[in-house]
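Attaching a single structure in structure tokens format; questions to follow.
The values are calculated or read from the model by the stated rules, or taken from the named source; none is laboratory data. Since this is a predicted model, take the numbers as computed values, not measurements. Neighbour counts are summed over all protein chains in view; Cβ atoms, including those assigned to glycine, are modelled from backbone coordinates with ideal geometry.
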Amino acid sequence: MFFLLFSFFVGMVSAQLSSTFYATSCPNALSTIKSVVDSAVSNEPRMGASLLRLHFYDCFVNGCDASVLLDDTSTFIGEKTAGPNNNSLRGFDVVDTIKSQLENIFFGVVSCADILAVAARDSVVALGGTNWTVQLGRRDSTTASLSAANSNIPAPTLNLSGLLSAFSNKGFTANELVALSGSHTIGQARCTVFRTRIYNETNIDSSFATSLKSNRPSTGSDNGLAPLDVTSPTSFDNALQEFDKQQGSLALRPRTL
């Protein structure tokens, strides 16, 4: 279900999309994106989760329009320095590489919004997830909103009602929210996000929490990392849900759901 829902999610910006949008104008678009993504994920498996998250955070703020990629200008402050994104979002260099290669083939044809959508799909596939067809033809935004990013992107500490509200505002049901949360099976969390969970909460296995505390102090080291799925951190599977049933996952969101 995750793949069907995410396919809908990444295509919801427009009803005029087509999987063959670049078939004539840039026939090598998809293969070029896949080649760069495969190389990046092979070099650093964590990058797959980073690219998926980058696209999700783009779509959750005014639609899938690549506004998350825009730097600050004299007329607006971009989304990169928003609270949920600052020192956290990754993968911009991979997107830059893809864009550069595509521009060398056909200048100004493939949108950054479509690059993000396809790169997210290819990242999941590279980590063992199921493939899906990406609808193409998105247009890139020429502006971005720091305030919209701060207010729209769901915080990792949201409780159930907060999560339901945030996703309902984007047109998703509770069941769809649960399915989409399966993306937490890949990637890592920064210590600043899960410190309270391992030191102060009780709905987590004590031995698991203790193992995390060993090199993650109660103060400082905010950028220390731990996998969201400790059993298969670089495989897109259902191991996180199974582990969560037994011990309580590192990420609060899957546990809440």
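How do the pairs read when you match residues in the range 127-148 that are without any contact (Cβ under 8 Å) to a residue 60 or more places away in the chain with residues anywhere that are surrounded by fewer than 18 Cβ atoms within 10 Å (Cβ to Cβ), using Cβ under 6 Å and keeping only pairs 6 or more apart or on different chains?
Pairs that qualify, where the first residue is without any contact (Cβ under 8 Å) to a residue 60 or more places away in the chain and the partner is surrounded by fewer than 18 Cβ atoms within 10 Å (Cβ to Cβ): there are none.
Just one of the numbered conditions (1) modelled with pLDDT of 80 or more; (2) assigned to a loop (DSSP other than H, G, I, E, B); (3) closer than 25 Å to Asn86 by Cβ is not true of Ser249; which one?
Result: Ser249 passes all but (1).
Of the residues in the range 98-112, how many are out of contact with any Ser or Thr (no Cβ under 8 Å at 6 or more places or on another chain) and surrounded by 15 or more Cβ atoms within 10 Å (Cβ to Cβ)? Give the derivation first.
Taking the range 98-112 as the starting set, the residues that turn out to be out of contact with any Ser or Thr (no Cβ under 8 Å at 6 or more places or on another chain) are 99-100, 103-104, 107-108, 110-112.
Then drop every residue that is not surrounded by 15 or more Cβ atoms within 10 Å (Cβ to Cβ), which leaves 99, 110-112.
Final tally of qualifying residues: 4.
For the condition modelled with pLDDT under 95 and surrounded by fewer than 20 Cβ atoms within 10 Å (Cβ to Cβ), what is the one hit in Ser35, Ser25, Ser18, Ser14?
Ser14
Which helices (runs of 4 or more DSSP H) sit wholly inside the range 113-226 and have at least 1 residues that are assigned by TED's automatic domain parsing to the domain that holds Ala29 and in contact with an Asp or Glu (Cβ under 8 Å, 6 or more places away or on another chain)?
By residue number, 146-152.
Yes or no: the range 190-200 includes at least one residue that is farther than 30 Å from Gly78 by Cβ, free of Cβ contacts under 8 Å to residues at least 12 places away in the same chain and surrounded by 13 or more Cβ atoms within 10 Å (Cβ to Cβ).
Within the range 190-200 (the criterion being farther than 30 Å from Gly78 by Cβ, free of Cβ contacts under 8 Å to residues at least 12 places away in the same chain and surrounded by 13 or more Cβ atoms within 10 Å (Cβ to Cβ)), the answer is no, since none of the residues qualifies.
Still on this structure, please answer the following. Which count do you get for residues in the range 42-52 that are buried (at least 21 other Cβ atoms within 10 Å of the Cβ) and either among the basic types (Lys, Arg) or touching a Ser or Thr at 6+ places or on another chain (Cβ under 6 Å) (or both)? Before you say what the answer is, go through the steps one by one.
Within the range 42-52, the subset buried (at least 21 other Cβ atoms within 10 Å of the Cβ) is 47-52.
When the remaining residues are screened for being either among the basic types (Lys, Arg) or touching a Ser or Thr at 6+ places or on another chain (Cβ under 6 Å) (or both), the result is 48, 51-52.
Residues in the range 42-52 being buried (at least 21 other Cβ atoms within 10 Å of the Cβ) and either among the basic types (Lys, Arg) or touching a Ser or Thr at 6+ places or on another chain (Cβ under 6 Å) (or both): 3 in total.
Would you mind finding the one in Asn85, Asn104 that is at negative phi, of a type in the set (S, T, N, Q) and part of a loop (DSSP other than H, G, I, E, B)? If you could, list the steps in order and put the result at the bottom.
Numbers: Asn104 fails: part of a loop (DSSP other than H, G, I, E, B).
Asn85 is the lone residue from the list that is at negative phi, of a type in the set (S, T, N, Q) and part of a loop (DSSP other than H, G, I, E, B).
While we're on this one: Give Asn223, Asn203, Asn150 a once-over and let me know the one that is of a type outside the set (Asp, Glu), within 29 Å of Ile115 (Cα to Cα) and at pLDDT below 85.
Working: Asn203 fails: within 29 Å of Ile115 (Cα to Cα); Asn150 fails: at pLDDT below 85.
Answer to the selection: Asn223.
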